[in-house]
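Working notes, structure below.
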Amino acid sequence: MSKKLKGVSASLGISIGKCLVLNREEFIVTKRKVSLDDIPKEILRFEDALINTRREILSLQKNIEEKLGTKHAQIFDAHLLVLEDRVLVEDVITRIKKEKVNVEYAFNQVIKKHIDTFMNMKDEYLRERVFDIKDVAKRVLSRLFKEEMPSLEGLKDKVIIVAHDLSPADTASLHHKNILGFVTDIGGPTSHTAIIARSSGIPAVVGVETATQAVSSGDTLIIDGYAGVVIVNPSEETKRDYLERQREEIKRKRYLAALKKVPSETKDKRKVSIAGNVEFPGEIGNVIEWGAEGIGLYRTEYMFLGRDNFPSEEEQYKTYFSSAKRVHPFPVIIRTLDLGGDKFLTRPDIPPDLHPFLGWRAIRFCLARPDIFKTQLRAILRASRLGNVKIMFPMISGVDEIKKAKEILEETKQELREKGELFDETIELGIMIEVPSAALTSDILAKEVNFFSIGTNDLIQYSLAVDRGNEKVAYLYEPLHPAVLKLINLVVKNAHKNDIWIGMCGEMASSPMFAFLLLGLGLDEFSVSFPMVPRIKRLIRAVDFSRAKEFARYALSLSSASEISKGLEKILKAELKNKFEEIVTAGL
Ligand code: PEP
Ligand code: MG
C-alpha cells in the first residue's frame, strides 16, 4: 500500500530508490534465533555492551561531578547499580542460552520484567527507579544496535537513508555516491542535516516525525524535495510521473549551467557578488563549477566532528590552503569554529549544554579554549599567503567579544611573525551578524571589522524565539517577519555608513523570491548553497536595482510576514511577467 508522509523540504530535487532505515530513538527489538555455535558470541556482545555503557556512565558522572558537584553526580550511582545487578545479568545470559535468541531480545525481555516489578512497588522512591532502568536499557541497546548498524561509508547499493536524525558526524558521509537522498523524523529547514543535504546537492525531507516508524528497510521511496513529501511504495503511475519530473529537472539544470559565465548584475547595472557555502572541501568543486565567485562561508567545524581528537594545525593548514588554492583568485571566507547548537562534539570533556543554541557555542567556546582557537587561527593565517583568505568569527553578541577575539588573533599573528611564517598581513576580518544584540549594535561593531555576513538561520531563531531545528514550530520561522527585516535593514545601513561590505550566508539568501527584497535592502554579497548559485544569479539579472530598493522601502512599512510575502509575489509577477514562474518558483 502506498503512503504519503509530509515533512519540511530540506534540499531540492527528486529521488527514487530503495531505502535503508538507520537508528531509531526507541529501539524496536525483534527476536532472532541464534545457532548453538553463536551463543558465546552473543554473550560476549552483551558483556562488551555492559562494559562500554559502564564506561560511558562513569565518564558522564565525572563530568557532572566537576561541573555541578557530588550530589548531582550521585544520580548515576543508581544507573551503575542497574548495570551491576547480577540477577539481571544472569537472567539475560540464561535466556540467550536456553531460548537460543539474540542478546537484544533477551535483554529487552528481562528489562521489561524488571520495569513491571518496579512499577508495582508501593514505595514511590523505588517506583521512580524505573526511569534509571529505562535510561540504562536505552544505553545498552544503543551499544548493541550500533554494532549491527550498517556504516554509511560501506554502502554498496544506492539507497535513500531514513533516520530519526543524523548526527553531525553521520552527515559527513552523505557525500557518498550511493546515497540518493535522506529523510529524517526531526529537524527544520535550517538544521545542520538540512544544510548538509543542500550543500551535497542530494534531495532531502526532514521533520517527517514518523518516518522511521512508517518505513522499513527495503521499501521503495520517492523523495519530493520540492514539496517536502515522501511517498512510500508508490504506485507505478506515481513512479512514472516522478521519473518524468526527474527528466525535466535534468533539462533545467543544463539550462542553469549556461549562466555560469555571465555576470551577476541587475538590468540597471548594480553588481552583486554570488558566493557559495561549504562544509567540506569536497564541495568546493561544485560551487565554482556553478559559477560562484568564491566561498562566502566555510563552516570549519565539520572537520572537528565525529572524531575523538582535534585536527592538528598541520591538518587544518593543509585543508584550508588547498581550499584557498582551489578557489583562487576568488576569496574564501573561513569561519572559525562554530561548535555547539546542533553541531556538538561527543567528547567526555565537552558535555552537551541543556540549551545548546543559547549555550557554550561558537566564539564563546573559542574564547574559553584559546589553545584550540589559536591552533585554528595559525592554520588559517598560514593558509592565507595567496591573499584570498578572509577570517570570520561566528555568533558575536557584543563588542567586547570581538575585541577579545581580535587580541588573540593579533597575538597569533605576532607569534607567526616571530617564527618567520608567511601570511597575508592585510587579511580581512569579518563577523557573522546572527544575534539580535549584534544587529542592534552593528554601528559599533562595524568599526572593528572589514565586513559583516548576516547569518539569518540563527538571527531568525534568536529574534523570533523559534528553535531552528524543531519541526513543531517551523511554521513560526518566518524570514519575512517585519522584525527580521528591520534588523537586516539596520545592519546593512550601519555597514555601509562605516564603509564596510555586507553579505548574507544564512539560508534566506538562497531564495530567489527573498533575493529581490535583499537586493533592495542593499546586500553586496549572497552566499548560497551551490544549486542556488545560478538561480539567484538569474533573478538578479532579470530585475532592476532601483525597483528593488523602492519595494524594500515599502516592505519595511508592512506589518506582517504574510503581507510582505504577498507584496513580494505581486511585484515580482509584475516585474518578471511571463518569466515569474520559471525564475522564481519553477522546481521550488
Ligand atoms: C546562520 O546562522 O545563518 C549561519 C549561516 O550559520 P550556521 O547555519 O552554521 O549556524
Ligand atoms: Mg549560525
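Taken together, Ser437, Ser453 contain a single residue that is under 23 Å from Leu485 (Cα atoms), touching a strand residue (DSSP E or B) at 6+ places or on another chain (Cβ under 7 Å) and either within 14 Å of ligand 2 (Cβ to nearest atom) or of a type in the set (Ser, Thr, Tyr) (or both), which is Ser453. Given the criteria more than 18 Å from the chain's Cα centre (by Cα), of a type outside the set (Gly, Ala, Ser) and at pLDDT 95 or above, does Asp458 qualify? Taking the combined requirement at face value, the residue does not satisfy it. You will find that of Asp353, Asp349, the residue that is modelled with pLDDT under 95, over 22 Å from the mean Cα position of the chain (by Cα) and away from ligand 1 (no atom under 13 Å from the Cβ) is Asp349 and no other. Residues of region 84-109 that are polar (S, T, N, Q) and not in a helix (DSSP H, G or I): Asn102 alone. Here Arg547 does not qualify as of a type in the set (Lys, Arg) and within 28 Å of the chain's Cα centre (by Cα). Reported count of residues in region 354-384, each being crowded, with 16+ Cβ neighbours inside 10 Å and of a type in the set (Gly, Ala, Ser), is 4. Listed by position, the helices (runs of 4 or more DSSP H) enclosed by region 525-583 that each have at least 3 residues that are under 30 Å from Ile284 (Cβ atoms) are 533-542. Of the helices (runs of 4 or more DSSP H) that lie entirely inside region 388-503, those containing 3 or more residues that are more than 13 Å from ligand 1 (Cβ to nearest atom) span 399-418, 442-445, 482-497. Looking only at region 287-301, which residues are within 14 Å of Ser527 (Cα to Cα) and assigned to a helix (DSSP H, G or I)? Of everything in region 287-301, those that are within 14 Å of Ser527 (Cα to Cα) and assigned to a helix (DSSP H, G or I) turn out to be Val287, Ile288. Only residues in region 353-373 that are on the phi > 0 side of the Ramachandran plot count as the first member; pair them with residues that are within 16 Å of ligand 2 (Cβ to nearest atom) and in a loop (DSSP other than H, G, I, E, B), Cβ under 6 angstrom, at least 6 apart or cross-chain, and list the lot. Partner pairs satisfying both residue conditions: Ala362/Asp338; Ala362/Pro394; Ala362/Met395.
Checked against the criterion of being at pLDDT below 90, farther than 22 Å from Ser216 by Cα and within 30 Å of the chain's Cα centre (by Cα), region 20-39 contains not a single residue that satisfies it.
Screening Tyr462, Tyr475 for residues that are farther than 17 Å from Ala552 by Cβ and surrounded by fewer than 18 Cβ atoms within 10 Å (Cβ to Cβ) leaves exactly one candidate, Tyr475.
Remark: pairs (first residue in region 417-444, under 20 Å from Tyr320 (Cα atoms) and in contact (Cβ under 8 Å) with a residue 24 or more places away in the chain; second residue among the basic types (Lys, Arg) and within 16 Å of ligand 1 (Cβ to nearest atom); Cβ separation under 6 Å; 6+ apart in sequence or on different chains) = Glu428/Lys390.
Within region 302-333, the residues that satisfy the criterion of being under 23 Å from Pro356 (Cβ atoms) and either within 16 Å of ligand 2 (Cβ to nearest atom) or not in a helix (DSSP H, G or I) (or both) are Tyr302, Phe304, Leu305, Gly306, Arg307, Asp308, Asn309, Phe310, Pro311. Got a sec? Which of Arg385, Arg335 is modelled with pLDDT of 95 or more and more than 16 Å from ligand 1 (Cβ to nearest atom)? So the residue among Arg385, Arg335 that is modelled with pLDDT of 95 or more and more than 16 Å from ligand 1 (Cβ to nearest atom) is Arg385.
Exactly one residue out of Leu81, Leu50 is assigned to a helix (DSSP H, G or I) and either at positive phi or modelled with pLDDT of 90 or more (or both), and it is Leu50.
Close contacts from region 267-278, counting a first residue that is over 15 Å from Ser511 (Cα atoms) and a second that is assigned to a loop (DSSP other than H, G, I, E, B) and of a type in the set (S, T, N, Q), with Cβ to Cβ under 6 Å and a gap of 6+ residues or different chains, come to Val272/Ser264.
The values are calculated or read from the model by the stated rules, or taken from the named source; none is laboratory data. Only a predicted model underlies this, so the values are computations on that prediction, with no experimental measurement involved. Cβ coordinates were reconstructed from backbone atoms using ideal geometry, including for glycine residues, and neighbour counts include every protein chain displayed.
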